Amino acid sequence: MLFWRRVVLVAIVLGATACGVGPEPIGELTAGPTFDLVIEDGELVGGVRRESASIGDTITLMATGDGTDQIHIHGYDLYLELENGQGSIVFDALIPGRFEIEFEESGQLIIELTVR
C-alpha cells in the first residue's frame, strides 16, 4: 500500500511539473517610454507631469537644463545625477504602482509615474 501511495505522489508531482505549475514569469522587457525633462531656474518646464508605463517596460529619463539637483525615483530608490545641466537613467519597470519622481533637495514633484 505504501508503494502505491509513493507512485501516486510521484505521478502528481511530475504531472504538475509538466503542466508548468509554478510562479508566472513577469514577462519580457520591452522598450518603453522616454521622458525628456527640461529644467529652467531649478524647475521643470511645463510643471508636474503624469506619465504611465507597463510592467516590463524599460524607461529612460533624460534631463537637460540649468539644474544641479538629484532626481529621485521613489519606490525604485534610484537617482539621476544632474552634472553640467544634464543626466539620464534607464531602469526596468518591474514594480507596479504609483511613484513620485522629484528633485531630491527641494522635494519638488516632477512626475507622478503609474506602472501597470
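Here, each number is a calculation from the coordinates, and none is a lab measurement. Not measured: the values here are computed from a predicted model. Please note: Cβ atoms are built from the backbone with ideal geometry, for glycine as well, and neighbour counts cover all protein chains shown.
Here's a check for you: in the range 49-82, which residue that is among the acidic types (Asp, Glu) and touching a residue at least 12 places away in the same chain (Cβ under 8 Å) is surrounded by the fewest Cβ atoms within 10 Å (Cβ to Cβ)? Result: Asp66. Can you tell me which residue within the range 29-44, out of those that are free of Cβ contacts under 8 Å to residues at least 60 places away in the same chain and of a type in the set (A, V, I, L, M), is surrounded by the most Cβ atoms within 10 Å (Cβ to Cβ)? Among residues in the range 29-44 that are free of Cβ contacts under 8 Å to residues at least 60 places away in the same chain and of a type in the set (A, V, I, L, M), the one surrounded by the most Cβ atoms within 10 Å (Cβ to Cβ) is Ile39.
Within the range 47-83, restricting attention to residues that are farther than 12 Å from Thr114 by Cα and of a type in the set (S, T, N, Q), the residue that is farthest from the chain's Cα centre (by Cα) is Thr68.
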